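See structure below.
The values are calculated or read from the model by the stated rules, or taken from the named source; none is laboratory data. The structure presented is a predicted model; accordingly, all values stated were derived computationally and were not measured. Positions of Cβ are generated from backbone atoms using ideal geometry, with glycine treated the same way; all protein chains shown enter the neighbour counts. Areas reflect the complete protein model, heavy atoms only, side chains present, ligands, DNA and RNA absent. Shrake-Rupley method; radii C 1.70, N 1.55, O 1.52, S 1.80 Å.
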Amino acid sequence: MKQTKAIDCHTHCYPEEVAADPRAWAQTNNEPHWAELVAPPDRKSIQDWATPEQMLEAMDHAGIDQTILLGWYWENESTCRWHNQVIADWVAHAPESFIGFASIAPNGEVRSQLEAAQALGLCGVGELHPGVQQFDASSGGWQTLSEWCVARDWPVNLHATEAAGHPHPGSLPTPLNDFIQMAAQAPDLKIILAHWGGGLP
């Protein structure tokens, strides 16, 4: 009988220097939206932090065999490229346990970013956010990304803001109709709508 693996398909990872002072790091790297979500000055952060060893220990405790390390929907291409190297380093640390997805800026040099991420050993894209990263189904960058991913059988994880759940301060909406258009344009693209599809199912 074939044994199935337990895979956590939505985690994020950051180096210790980011976790030490995320707000200062975000200000230095011009990532205000990330700072608003994970390092708000007026409330508790929604983000928790872990080293690779702590992540592996938590996985073992929860009975998780593998976890997908998602990139973030950064506002700057340079931050995406930096984060992809961080993710690749984590994957190299525990290649049997970690699977790396690429952080991509769909409004930047998309093909170059994807090829660089592939060279690092990553094998999917996401998490992406149309509202934060300023793209939609009609954007040239998105169309390039979806065609590239279909050709290589790479899944794409898209942030879906909760439409039927509790509000998160600082979150931006993700229109469902645009996700439908994306799927219709590229029916062979493997799309993952994060957060249970925004709670709609």
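One residue stands out in segment 67-122 among those that are among the charged types (D, E, K, R) and not in a helix (DSSP H, G or I): the one that is surrounded by the most Cβ atoms within 10 Å (Cβ to Cβ), namely GLU75. If you go through segment 123-150 and keep only what is open to solvent by less than 10 Å² (accessible area, probe 1.4 Å) and under 14 Å from the mean Cα position of the chain (by Cα), you end up with GLY124, VAL125, GLY126, GLU127, LEU128, HIS129, GLN133.
Hey, any hits in segment 131-154 for a residue that's in contact with a Ser or Thr (Cβ under 8 Å, 6 or more places away or on another chain) and touching a residue at least 24 places away in the same chain (Cβ under 8 Å)? For segment 131-154, residues in contact with a Ser or Thr (Cβ under 8 Å, 6 or more places away or on another chain) and touching a residue at least 24 places away in the same chain (Cβ under 8 Å): present. Every listed requirement among (1) open to solvent by 20 Å² or more (accessible area, probe 1.4 Å); (2) in a loop (DSSP other than H, G, I, E, B); (3) of a type outside the set (A, V, I, L, M, F, W, C); (4) touching a Phe, Trp or Tyr at 6+ places or on another chain (Cβ under 9 Å) is met by TYR14 save one, (1).
Within segment 49-66, restricting attention to residues that are in contact with a helix residue (DSSP H, G or I) (Cβ under 9 Å, 6 or more places away or on another chain) and either of a type in the set (Asp, Glu) or buried (at least 19 other Cβ atoms within 10 Å of the Cβ) (or both), the residue that is nearest to GLY124 (Cα to Cα) is ASP65.
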